[in-house]
Amino acid sequence: MIRREGDFVRVTPPLTDEEVLELRAGDPVRITGTLLTGRDAAHRKLNDLIKANQPLPVDLKGQIIYYVGPTPPKPGQVIGSAGPTTGGRMDSTTELLLRAGLKGAIGKGERGAATREAFQKHRAVYFGAIGGSGAYLAKRITAQEIIAYPELGTEAIRRLTVEDFPVVVINDAHGADFYEEGRKKYAVT
Amino acid sequence: MGSMRTIAASEITKAVRDLYSTCCVEVRPDYKAALEKARSTEVSPLGRQILGTMLENYKIAETERSPMCQDTGFPVVFVEIGQDVRVDGDLKDAIQEGLRQGTKQGFLRGSLVRDPLTRSPNTGDNTPGIVHFDIVPGDKLRLDVLAKGGGSENKSRLYMLKPNDGIDGIRNAVRETVSLAGPDACPPFVVGVGVGGTFDKCAELAKKALMRIIGSSNADPAADKLEKELEGELNKLGVGPQGMGGSTTAVAVFIETHPVHIASFPVAVNIQCNANRHRGIDL
């Protein structure tokens, strides 16, 4: 579900193609609901399963995956620090997940040209969160549960419950790139 | 024989433990001050807002004693041992034990894998850290611990330039590295530049440069001038806070030099992200 409200776009997964098309590069977004997590190792495993035509341990349809490997929680904490990791490292393993129905990913940093095209083709978006602000972002996570690959430790696939999780649309399903626009706007030549 | 000062290995372990776990929750004060200043000079409204979030993140991390960033880094330790110091115990083991205890004490993430070829297993305690030793006059032992994030380390580069590439060669290398690093390496950056030495020495100089205090001058006037010019040039790139556009891309450029072979001109550029974690102590 998506809803424009004041300065923000409020997003709650699962997302449909039509909803994804309403999101535009530069939109400040607040996500409430559930996110999946996964980074390099989980992506490798999911890609292997898809290539082997095996069932996935998690349904990706309409979902958003957050590239994060949290620190261990301190006593009393829901989760440790939990900021985004570099999205570009997932470039080679993203398209198969999009084919399986994934509608969004959250990371930081630029995506390669082929991945940007894949987001466009499969009607999905890449969101940017603020890298380095893991303590701040953890405050917006109200629950976590490991749902696959516990042996991967910090790299396991988790289901996070989030409230007003702040991200910005970087690559929309229309081909725009907010990092590129931002840099162009403020470059002094 | 001159008198030797004895330092117990356990004292070194304790110091490393506290430096490592504390640097992950308390951002470097000079870096924080630089971001506070940038918040009033940044031209992008979104950029100012992002700087505000970063400052709030440091506050939460410090108050709650939680790591500011989930990537608690590759620990890098610089050790300067006075030649009149004798360590009672195994110095190398003492340092690694300090990192092990610091990881536990600080609830840090295990971010190292034992075997880079198989990429497993995770060592779980952020050992073995990288340790650089130097022998200096005196009877003090200086420890500096950096928790170096993977995202910004990945975007660092080493150039083997030609001697006639000159100062412009350095400029281009620094500009290219920072431009390619962009949003991936979590700006605003501190940029450490090594110039000279060998392939390996040059990279070490760039890392060492990151430890300099923001606002301090380079003792070499020519390098000092180049640092200030480069900082100005980098802030014209438009990358901005978190790469979403703006005038704050780098808050400092620090250059460390070393004598060099007549045929060589290595330049290393080490990028430091906004999770700027470094603490030191004299024992």
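Checking residue A:148 against (1) away from chain B (no Cβ under 12 Å); (2) closer than 19 Å to residue A:20 by Cβ, which test does it fail?
Of everything listed in (1) away from chain B (no Cβ under 12 Å); (2) closer than 19 Å to residue A:20 by Cβ, residue A:148 misses just condition (2).
For the stretch A:78-94, state whether one or more residues are surrounded by fewer than 19 Cβ atoms within 10 Å (Cβ to Cβ) and closer than 29 Å to residue B:65 by Cα.
The answer is yes, given that some residue of the stretch A:78-94 is surrounded by fewer than 19 Cβ atoms within 10 Å (Cβ to Cβ) and closer than 29 Å to residue B:65 by Cα.
Considering only the stretch B:153-171, I want to know if a residue exists there that is closer than 29 Å to residue A:108 by Cα, of a type in the set (D, E, K, R) and within 14 Å of chain A (Cβ to nearest Cβ). Even if it seems obvious, please write down each step before you answer.
Looking only at the stretch B:153-171, we keep the residues that are closer than 29 Å to residue A:108 by Cα, and these are B:153-159, B:170-171.
So of that shortlist, the ones also of a type in the set (D, E, K, R) come out as B:153, B:155, B:157, B:171.
Among the residues that remain, those that are also within 14 Å of chain A (Cβ to nearest Cβ) are: B:153, B:155.
Scanning the stretch B:153-171 turns up at least one residue that is closer than 29 Å to residue A:108 by Cα, of a type in the set (D, E, K, R) and within 14 Å of chain A (Cβ to nearest Cβ).
Report yes if some residue within the stretch B:211-218 is of a type in the set (Val, Ile, Thr) and surrounded by fewer than 24 Cβ atoms within 10 Å (Cβ to Cβ); otherwise report no. Let's see the steps before the verdict.
Kept after step one, since they are of a type in the set (Val, Ile, Thr), are these residues of the stretch B:211-218: B:213-214.
Now narrow it down to the ones that are surrounded by fewer than 24 Cβ atoms within 10 Å (Cβ to Cβ): B:213-214.
Yes, that holds for at least one residue.
Determine if the stretch A:83-96 includes at least one residue that is at positive phi and facing chain B (nearest Cβ under 9 Å). First the steps, then the outcome.
Here is the first cut: in the stretch A:83-96, the residues at positive phi are none.
No, every residue in the stretch A:83-96 fails to be at positive phi and facing chain B (nearest Cβ under 9 Å).
Among the residues that make up the stretch B:126-141, is at least one of them within 14 Å of another protein chain (Cβ to nearest Cβ) and not in a helix (DSSP H, G or I)? Reasoning before the result, please.
Looking only at the stretch B:126-141, we keep the residues that are within 14 Å of another protein chain (Cβ to nearest Cβ), and these are B:126.
From what's left, not in a helix (DSSP H, G or I): B:126.
Yes, the conditions are met somewhere in the stretch B:126-141.
Residues are listed down the side, and each one gets a yes or a no for (1) away from chain B (no Cβ under 14 Å); (2) of a type in the set (Lys, Arg):
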{"position": "A:70", "(1), (2)": "no, no"}
{"position": "A:105", "(1), (2)": "yes, no"}
{"position": "A:111", "(1), (2)": "no, yes"}
{"position": "A:115", "(1), (2)": "no, no"}
{"position": "A:120", "(1), (2)": "yes, no"}
{"position": "A:123", "(1), (2)": "yes, yes"}
{"position": "A:137", "(1), (2)": "no, no"}
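Out of A:137, A:152, which single residue is under 14 Å from the mean Cα position of the chain (by Cα) and either surrounded by fewer than 16 Cβ atoms within 10 Å (Cβ to Cβ) or not hydroxyl-bearing (Ser, Thr, Tyr) (or both)? Step through it out loud before you land on a result.
Numbers: A:152 fails: under 14 Å from the mean Cα position of the chain (by Cα).
On inspection, the qualifying residue turns out to be A:137.
Quick one: would you say residue B:86 is buried (at least 16 other Cβ atoms within 10 Å of the Cβ) and outside any loop (DSSP other than H, G, I, E, B)? Can you show your working first?
Values: buried (at least 16 other Cβ atoms within 10 Å of the Cβ): no; outside any loop (DSSP other than H, G, I, E, B): yes.
No.
So, in the stretch A:157-170, of the ones that are away from chain B (no Cβ under 12 Å) and not charged (D, E, K, R), which residue ends up farthest from residue A:10 (Cα to Cα)?
Kept after step one, since they are away from chain B (no Cβ under 12 Å), are these residues of the stretch A:157-170: A:157-165.
Filter again for not charged (D, E, K, R), leaving A:157, A:160-162, A:165.
On the way: A:157: 24, A:160: 17, A:161: 15, A:162: 12, A:165: 10 Å.
In this case the residue turns out to be A:157.
Exactly one of (1) within 18 Å of residue A:40 (Cα to Cα); (2) within 13 Å of the chain's Cα centre (by Cα); (3) facing chain B (nearest Cβ under 9 Å) is unmet by residue A:130. Its number?
So residue A:130 meets the others, but not (1).
Tell me, which residue of the stretch B:49-67 that is part of a helix (DSSP H, G or I), touching a residue at least 24 places away in the same chain (Cβ under 8 Å) and not acidic (Asp, Glu) is nearest to residue A:138 (Cα to Cα)?
B:61
Among the numbered conditions (1) closer than 16 Å to residue B:203 by Cβ; (2) free of Cβ contacts under 8 Å to residues at least 24 places away in the same chain, tell me where residue B:157 comes up short.
It is condition (2) that residue B:157 fails.
Assess whether residue B:19 counts as being within 13 Å of another protein chain (Cβ to nearest Cβ) and either crowded, with 18+ Cβ neighbours inside 10 Å or under 17 Å from residue A:72 (Cβ atoms) (or both).
So residue B:19 fails the test.
Output the residue which, of all residues in the stretch B:142-152 that are away from every other protein chain (no Cβ under 14 Å) and touching a helix residue (DSSP H, G or I) at 6+ places or on another chain (Cβ under 6 Å), is nearest to residue B:17 (Cα to Cα). Can you show your working first?
Narrowing the stretch B:142-152 to residues away from every other protein chain (no Cβ under 14 Å): B:142-146.
Subset that is touching a helix residue (DSSP H, G or I) at 6+ places or on another chain (Cβ under 6 Å): B:143, B:145.
Working: B:143: 11, B:145: 10 Å.
Here the residue is B:145.
Taking residue A:42, is it under 30 Å from residue B:103 (Cβ atoms), in contact with an Asp or Glu (Cβ under 8 Å, 6 or more places away or on another chain) and either modelled with pLDDT of 95 or more or part of a strand (DSSP E or B) (or both)? Before you say what the answer is, go through the steps one by one.
On the way: under 30 Å from residue B:103 (Cβ atoms): yes; in contact with an Asp or Glu (Cβ under 8 Å, 6 or more places away or on another chain): yes; either modelled with pLDDT of 95 or more or part of a strand (DSSP E or B) (or both): yes.
Taking the combined requirement at face value, the residue satisfies it.
The values are calculated or read from the model by the stated rules, or taken from the named source; none is laboratory data. This structure is a prediction, so every number in the text was calculated from the model and none was measured. Glycine gets a Cβ as well: all are built from the backbone with ideal geometry, and neighbour counts include every protein chain shown.
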